[in-house]
Amino acid sequence: MLGIVFTSLIDMLEENVSPEFADDVIVAAELENDGAYTAVGYYPYSDMERLLGVLIEKTGKSANELLYDFGYYLFGKLAAVHGDVLANTEGMLDMLGHLDDDIHVQVKKLYPDADLPRFKVLSRTDTTMRLQYYSERDLFALAEGLMDASADHFNCKLERETHQLATPHTYEFSIAVIS
Ligand code: HEM
């Protein structure tokens with residue numbers, strides 16, 4: 001997993017709780033590199049699972065609640081560092097529709113080892129979209145946070161539902177832009 005995901009998680013803990021809390025989480029996760037991540041490095045996904053496990057214990061929140069909150073925060077970081085990849089998008093659904101063939105393609109050019117999810121547009125109208133998400137990491141809650149933060153970025157409001165599909169690691173988001 002790309003380092004910016006780890007550095008963003010640690011930033012979130014430092015900002016939203018405290019630097020001491022972030023340190024405690026890193027120590028308790030017993031990471032091989034003691035939490036010394038750089039934004040452009042690559043690190044094992046198992047580190048993220050360890051950090052999440054510690055956060056579940058310390059906060060009492062579920063993995064999906066934590067991933068949602070983190071997804072929301074992460075969008076701000078990604079948009080700040082890579083705002084240019086959003087330059088050609090004309091709105092919320094346009095952006096989601098081009099995750100796979102534009103936004104994450106640009107990401108892959110910058111970081112060839114990035115391990116990105118797959119998105120497929122199943123249907124689309126001016127205000128609605130059914131979007132399929134596939135990732136062996138099943139980070140649909142992270143995607144939900146990223147989507148809600150991008151709605152704020154585009155100054156719109158969403159109604160969303162998430163359904164797990166019969167195919168493993170695959171989810172469908174039904175999204176409506178309501179304002
Ligand atoms: C500014 C726009 C965006 C940029 C620059 C961006 C970039 C990235 C990067 C760098 C990663 C990490 C890849 C790795 O760990 O190797 C990632 C992962 C991910 N992105 Fe995006 N992303 C953007 C928008 C979005 C949005 C709006 C969604 C919402 C559906 C999304 C869904 C995801 C998910 C769910 C992952 C986690 C990997 C997984 O599911 O296996 N991204 N993205």
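The values are calculated or read from the model by the stated rules, or taken from the named source; none is laboratory data. Please read these numbers as outputs of a predicted model, since none were measured by experiment. Methodologically, a virtual Cβ is constructed for each residue, glycine included, from the backbone with ideal geometry; neighbour enumeration extends over all protein chains shown. Please note that ligands, DNA and RNA were not included when accessible areas were found on the heavy atoms of the full protein model with its side chains. Shrake-Rupley method; radii C 1.70, N 1.55, O 1.52, S 1.80 Å.
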Of the lysine pairs in the chain, how many meet both conditions: Cα atoms under 28 Å apart, and a spacing of 8 or more in sequence or different chains? 10
Listed residues Leu86, Thr7, Thr38: farthest to the positive end of the dipole of the chain (Cβ charges): Leu86
Per-residue HN-Hα couplings for the stretch 164-179 [Karplus 6.51, -1.76, 1.60; θ = phi - 60°; Hz; x = Gly/Pro]: 7, 9, 5, 5, x, 6, 10, 9, 10, 9, 9, 10, 10, 8, 9, 7
Starting with the highest mean, order 88-101, 109-122, 56-69 by the number of other Cβ atoms within 10 Å, averaged over the residues of each peptide. 88-101, 56-69, 109-122
At 222 nm, what value in deg cm²/dmol follows for the chain if DSSP H runs of at least 4 each add -39500 (n - 2.57) and the sum is divided by all its residues, to the nearest 500? -15000 deg cm²/dmol
Just grab the label-to-label distance for Arg124 and His163, each label 7 Å out from Cα along the Cβ direction, in nm (one decimal). 2.1 nm
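Report the convex hull volume per residue for the stretch 16-66, counting only C-alpha atoms, in Å³.
Details: hull volume 4.8 nm³, N = 51.
Taking the convex hull of the Cα positions in the stretch 16-66, it is 94 Å³ per residue.
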Might you work out the accessible area of Asp152 for me, using a 1.4 Å probe with all protein chains in place, and round it to the nearest 10 Å²? 80 Å²
Rounded tilt (10° steps) of 19-29 against the dominant C-alpha axis of the chain: 80 degrees
May I ask you to derive the relative contact order of the chain, considering only C-alpha pairs under 8 Å and at least 6 residues apart, and to give it as an integer percent? 20 percent
Given a 1.4 angstrom probe, I'd like the percentage of the accessible area of the stretch 104-179 that is carbon and sulfur, rounded to a whole number. 49 percent
Let me check the size of the chain from its C-alpha atoms; what are the radius of gyration and Dmax in Å? 16.3, 48
Computed accessible area, His104, all protein chains, 1.4 angstrom probe, square angstrom: 40 Å²
What does the charge dipole of the chain about its Cα centre add up to, to the nearest 20 debye, if the Cβ of each Lys and Arg holds +1 and the Cβ of each Asp and Glu holds -1? 580 debye
